[in-house]
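Take a look at the following structure, please.
The values are calculated or read from the model by the stated rules, or taken from the named source; none is laboratory data. Being a predicted model, the structure only gives us computed values, none of them experimental. When we count neighbours, we look across all protein chains shown, and the Cβ atoms used for this are built from the backbone with ideal geometry, even at glycine. Remember, those area values only see protein heavy atoms, side chains included, never the ligands or the DNA or RNA. Shrake-Rupley method; radii C 1.70, N 1.55, O 1.52, S 1.80 Å.
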Amino acid sequence: MIRLSRPRRLLISALGLAGFVALWEASLRAGLLPGNLVPLPSSIPGVFWAEIADGIWFEVVRSSLSHYAVGVAIGSLLGIMVGVGAALVPTFNALHAWLARLLRPIPPLAWIPFAIIWFGVNPTAAAFIISIGVFWINYFTSYSAVRAVDPGYDEVAIAFGQQRFVDRLAKVSLPAAAPGILGGLRAGLGQGWMTVVAAELFGIPGIGQRMMEASGLLATDIVVVYMLTIAGLYALFDALFMVVQRRMLRWQP
């Protein structure tokens, strides 16, 4: 298997992206794609600047970030707590196992009618929908990560005087399961962005609502601006999370 150095891999990735954009631009200028439905890539920076100059971009991004942050925080915290609890306490696991299997296949968007009825058309409803999608990712990854911890670790901890369950949880189970739990958190960050737009489609201010307004006017250039905005925000959050993850797992070889 041929391995590429990091600089070479980055260069090839950048060339692939540039080639895709160039092909997109050339196809439109050659009339191979409908110009009234697909925007020119070269027009996107100007549209993006116009959205910023009008103050629209900052407003919709701020609105989306507010309920995104709340939804991701609540969904992640509850998902990890319930997942870890289910992995460590067999009675609790058995108590809710069928309920989890019943609710897990239901997509977050199916909860939109209940979110509107319970909370109204406001950011709380969007945060609720986001938290559901994030919850299940963190629940299953935390459960699997803790269950995968070698039981021998507990035995060694007990032999070294860690008799209390809470002590073994803090010093053995959670550190050993940390890579898996953090992997779930990272996946939840992406799931949150995939859900936030859909959660805003029924009238909650944010990126999703702005995209719906633009699509209704066939302003596909604006739609692409906010698609790229979501991609950029996710890339930023993911990069920051990776920095935190590396520091938390610096004990790993």
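Could you list, ordered by first residue, the pairs with Cβ atoms under 8 Å in which the first is in the stretch 158-187 and farther than 13 Å from Ser144 by Cβ and the second is of a type in the set (Asp, Glu) and at pLDDT 75 or above, at least 6 apart or interchain?
Qualifying pairs under 8 Å: Arg186/Asp238.
Got at least one residue in the stretch 126-138 being in contact with a Lys or Arg (Cβ under 8 Å, 6 or more places away or on another chain), part of a helix (DSSP H, G or I) and modelled with pLDDT of 90 or more? Working first, answer last.
Of the residues in the stretch 126-138, the ones in contact with a Lys or Arg (Cβ under 8 Å, 6 or more places away or on another chain) are 136.
Restricting the remaining residues to those that are part of a helix (DSSP H, G or I) gives 136.
Retained after the next criterion (residues that are modelled with pLDDT of 90 or more): 136.
The answer is yes; a qualifying residue exists.
Six or more apart or on different chains, Cβ atoms under 8 Å: show the pairs whose first residue is in the stretch 63-86 and under 10 Å from Ile130 (Cβ atoms) and open to solvent by less than 10 Å² (accessible area, probe 1.4 Å) and whose second is among the β-branched types (Val, Ile, Thr) and not in a helix (DSSP H, G or I).
The qualifying pairs are His67/Ile204.
Looking at Ala157, Ala145, can you tell me which residue is under 27 Å from Phe92 (Cα atoms), over 26 Å from the mean Cα position of the chain (by Cα), open to solvent by less than 20 Å² (accessible area, probe 1.4 Å) and at pLDDT below 90?
Ala157
Kindly provide the set of residues from the stretch 49-108 that are over 19 Å from the mean Cα position of the chain (by Cα) and of a type in the set (D, E, K, R), ordered by number.
The answer is Glu51, Asp54, Glu59, Arg101.
Moving to a separate point now. Can you name every residue in the stretch 93-106 that is under 19 Å from Gly75 (Cα atoms), hydrophobic (A, V, I, L, M, F, W, C) and part of a helix (DSSP H, G or I)? I'd like the intermediate steps shown before the answer.
Step one: list which residues in the stretch 93-106 are under 19 Å from Gly75 (Cα atoms), which gives 93, 96-97, 99-106.
Okay, now just the ones that are also hydrophobic (A, V, I, L, M, F, W, C), so 97, 99-100, 102-103, 106.
Within the stretch 93-106, Ala97, Leu99, Ala100, Leu102, Leu103 meet the criteria.
Mind checking whether some residue in the stretch 173-185 is surrounded by 21 or more Cβ atoms within 10 Å (Cβ to Cβ), over 30 Å from Pro34 (Cβ atoms) and at pLDDT below 85?
yes
Right, here's the next one. Quick check: anything in the stretch 40-48 closer than 30 Å to Ala22 by Cβ, open to solvent by 40 Å² or more (accessible area, probe 1.4 Å), hydrophobic (A, V, I, L, M, F, W, C) and assigned to a helix (DSSP H, G or I)?
Within the stretch 40-48, one or more residues are closer than 30 Å to Ala22 by Cβ, open to solvent by 40 Å² or more (accessible area, probe 1.4 Å), hydrophobic (A, V, I, L, M, F, W, C) and assigned to a helix (DSSP H, G or I).
Let me ask you something else. Could you grab the pairs with beta carbons closer than 8 Å, sequence gap of 6+ or different chains, first residue in the stretch 236-247 and closer than 14 Å to Ala178 by Cβ, second one open to solvent by 60 Å² or more (accessible area, probe 1.4 Å)?
Once the first residue is closer than 14 Å to Ala178 by Cβ and sits in the stretch 236-247, its partners that are open to solvent by 60 Å² or more (accessible area, probe 1.4 Å) give Phe241/Arg186; Gln245/Arg186.
Name the single residue that is most open to solvent (accessible area, probe 1.4 Å) among those in the stretch 107-125 being without any contact (Cβ under 8 Å) to a residue 40 or more places away in the chain and not in a helix (DSSP H, G or I).
Pro107
Shifting gears a bit: For Leu37, which of the numbered conditions (1) touching a residue at least 40 places away in the same chain (Cβ under 8 Å); (2) in contact with a Ser or Thr (Cβ under 8 Å, 6 or more places away or on another chain); (3) in a helix (DSSP H, G or I) fails to hold?
Looking at each condition in turn, Leu37 falls short on (3).
Answer yes or no as to whether Pro90 is closer than 25 Å to Ile207 by Cα, open to solvent by 60 Å² or more (accessible area, probe 1.4 Å) and not aliphatic (A, V, I, L, M).
Numbers: closer than 25 Å to Ile207 by Cα: no; open to solvent by 60 Å² or more (accessible area, probe 1.4 Å): yes; not aliphatic (A, V, I, L, M): yes.
Criteria not met by Pro90.
Got at least one residue in the stretch 189-212 being without any contact (Cβ under 8 Å) to a residue 40 or more places away in the chain, open to solvent by 50 Å² or more (accessible area, probe 1.4 Å), out of contact with any strand residue (DSSP E or B) (no Cβ under 6 Å at 6 or more places or on another chain) and part of a helix (DSSP H, G or I)?
Yes, the stretch 189-212 contains a residue that is without any contact (Cβ under 8 Å) to a residue 40 or more places away in the chain, open to solvent by 50 Å² or more (accessible area, probe 1.4 Å), out of contact with any strand residue (DSSP E or B) (no Cβ under 6 Å at 6 or more places or on another chain) and part of a helix (DSSP H, G or I).
Condition first: farther than 16 Å from Leu40 by Cβ and either within 28 Å of the chain's Cα centre (by Cα) or among the aromatic types (Phe, Trp, Tyr) (or both). Now tell me which residues in the stretch 5-25 satisfy that. Reasoning before the result, please.
Taking the stretch 5-25 as the starting set, the residues that turn out to be farther than 16 Å from Leu40 by Cβ are 5-17, 19.
The answer is Arg6, Pro7, Arg9, Leu10, Leu11, Ile12, Ser13, Ala14, Leu15, Gly16, Leu17, Gly19.
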